[in-house]
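The values are calculated or read from the model by the stated rules, or taken from the named source; none is laboratory data. From a predicted model like this one, the values you see are computed outputs, not experimental measurements. Here the Cβ is made from the backbone with ideal geometry for all residues, glycine too, and neighbour counts use every protein chain on show.
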Amino acid sequence: MATSSAPASEPNPSIPDYDYGNKNTKKFHIDSFRKEWLSRLKPSDYSYGIEDEDTFNANFAHEMGVSVDMMRELKEVCSPALLRCHPEDQEPDPEVVPEDSTLKTLIERKKRQDYKSSLKINKNRHDLYADEQERLSVMTKPDTVENLVPEGDVILTINIYYPATFEKFCYVRPHMTLLVLGSQSLSELRDAICCASDLQVCGEFSNTPDMVPDVVNKDIYKSAFFFFEGVFYNDMRYPECRDISQTTITWAKAKNFPPYSQAKMEDTKVADLEVKVGFPYFYCHQGDCEHVVIITDIRLTHKDDCLDRRFYPLLTHKHRTATQKCAVCYTYIARWCTTGDQFAPSHPCVFCDKCFRMLHYDADGNKLGEFLAYPYTDRGAFN
């Protein structure tokens, strides 16, 4: 019996291979992968052009291998009008499921509604509008051609996680999820990341609580870097920026680690990166505020996506965190944090502005006792 002697095909380096299921892919170049997609697809597959109904029906009938007459009959039989369970002259309420419905989908939906109503859980505003930004931006078209996302561009779904600032860290959900274009720079991604440490105010103001400056940490300490596959991408857009990755590079060299390279964040497009989908990468700012960054999806743009590049990086999800209430009134959000405070029940302790001033200052604004006071920015401010 003859056997085939054809050599096995060589793996294409532009296409990501999976190392382990549900973990991460092998390293690949994003722009090479994009070009590989475009070479294998027809222009009509990723074009933003909208087909008229007759052209769509003809193409659909050809793909399904049916005649035009059969296509017309299928449209009549599968018409949504035949699924109506109310009189034609009556405007239905889509949230109300009829009691005597025979459709299994409506029966299951009714059971789900009854179960939810029995729980008596009131949704808060964040739960109701958690995906509002994504829903409002779907199929958004720009006013000018200059703001149109180019055909064949890629969209990356990136999860940004909370920084691990204490030993028993339990925030395993991403702090925010962003959609980023491959044609955008890493500095644009950096500017879209929200972190409470950027809004902190440096300094101790127990003697001058009314003189807290308007300048926040992000205005003073502008240095930051991303770390992807052995490369530190530093933000060097401003004269105040410093190469904060050099300390790590020097330490790694002294420990005989593999050499790391450096590049400028603002000069690097997202599509220029070599990455692994599902692999944890690194974003560092404010010196030691460290976030895990995971790319969960890479795909070509579609005509139903938001095509206005001004919306990108597009925020699609933001985790809701509990606000830190005042330790005295338990009502208002904390605005001050004190240490070495003889009036406080704990060390450190947080106060709202009203309780802080009533407890620590007399009627003339003079400081009472010994304590140190720092402005406090709550993570819940991003809710």
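Structure values in brief
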item: Residue match in the stretch 318-329 (condition: of a type in the set (D, E, K, R), part of a loop (DSSP other than H, G, I, E, B) and modelled with pLDDT of 90 or more); result: no
item: Residues within the stretch 309-337 that are in contact with a Pro (Cβ under 8 Å, 6 or more places away or on another chain) and closer than 19 Å to GLY380 by Cα, tallied; result: 6
item: Candidates THR268, THR296, THR250 - the one that is among the hydroxyl-bearing types (Ser, Thr, Tyr) and within 19 Å of TRP37 (Cα to Cα); result: THR296
item: Hey, PRO259 modelled with pLDDT under 90 and closer than 19 Å to LYS27 by Cβ or not; result: yes
item: CYS306 hydrophobic (A, V, I, L, M, F, W, C) and over 28 Å from ASP45 (Cα atoms); result: no
item: Count - residues of the stretch 105-148 that are modelled with pLDDT under 80, part of a helix (DSSP H, G or I) and among the hydrophobic types (A, V, I, L, M, F, W, C); result: 3
item: Hits in the stretch 236-291 (condition: in contact (Cβ under 8 Å) with a residue 40 or more places away in the chain and among the β-branched types (Val, Ile, Thr)); result: ILE244, THR268, VAL270, VAL275, VAL277
item: Hits in the stretch 271-281 (condition: closer than 22 Å to ILE244 by Cα and within 15 Å of the chain's Cα centre (by Cα)); result: PRO280, TYR281
item: Residues of the stretch 352-373 classified as within 30 Å of HIS319 (Cα to Cα) and either surrounded by fewer than 18 Cβ atoms within 10 Å (Cβ to Cβ) or in contact with a His (Cβ under 8 Å, 6 or more places away or on another chain) (or both), total; result: 3
item: The stretch 219-233, subset without any contact (Cβ under 8 Å) to a residue 24 or more places away in the chain and among the charged types (D, E, K, R), residue surrounded by the most Cβ atoms within 10 Å (Cβ to Cβ); result: LYS222
item: Looking only at the stretch 209-233, and only at residues there that are among the hydrophobic types (A, V, I, L, M, F, W, C) and in contact with a Phe, Trp or Tyr (Cβ under 6 Å, 6 or more places away or on another chain), the one that is farthest from ILE193 (Cα to Cα); result: VAL212
item: Elements of type helices (runs of 4 or more DSSP H) contained in the stretch 153-270, each with 1 or more residues being under 25 Å from SER137 (Cβ atoms); result: 186-192
item: Filter pass, PHE343 being without any contact (Cβ under 8 Å) to a residue 60 or more places away in the chain, surrounded by fewer than 16 Cβ atoms within 10 Å (Cβ to Cβ) and within 28 Å of the chain's Cα centre (by Cα); result: no
item: Check on LEU74, part of a helix (DSSP H, G or I), surrounded by 12 or more Cβ atoms within 10 Å (Cβ to Cβ), without any contact (Cβ under 8 Å) to a residue 40 or more places away in the chain and under 39 Å from the mean Cα position of the chain (by Cα); result: no
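To keep it simple, each residue is scored yes or no on (1) loosely packed, with under 15 Cβ neighbours inside 10 Å; (2) more than 18 Å from ILE193 (Cα to Cα).
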| position | (1), (2) |
| --- | --- |
| ASP235 | no, no |
| CYS241 | no, no |
| LYS253 | yes, yes |
| ALA263 | no, yes |
| GLU266 | no, no |
| TYR283 | no, no |
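Quick grid of which residues meet (1) in the same structural domain as PHE228 (by TED's automatic domain parsing); (2) within 31 Å of the chain's Cα centre (by Cα); (3) part of a helix (DSSP H, G or I):
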residue: SER44; (1), (2), (3): no, yes, yes
residue: PHE56; (1), (2), (3): no, no, yes
residue: ASN59; (1), (2), (3): no, no, yes
residue: MET70; (1), (2), (3): no, no, yes
residue: GLU91; (1), (2), (3): no, no, no
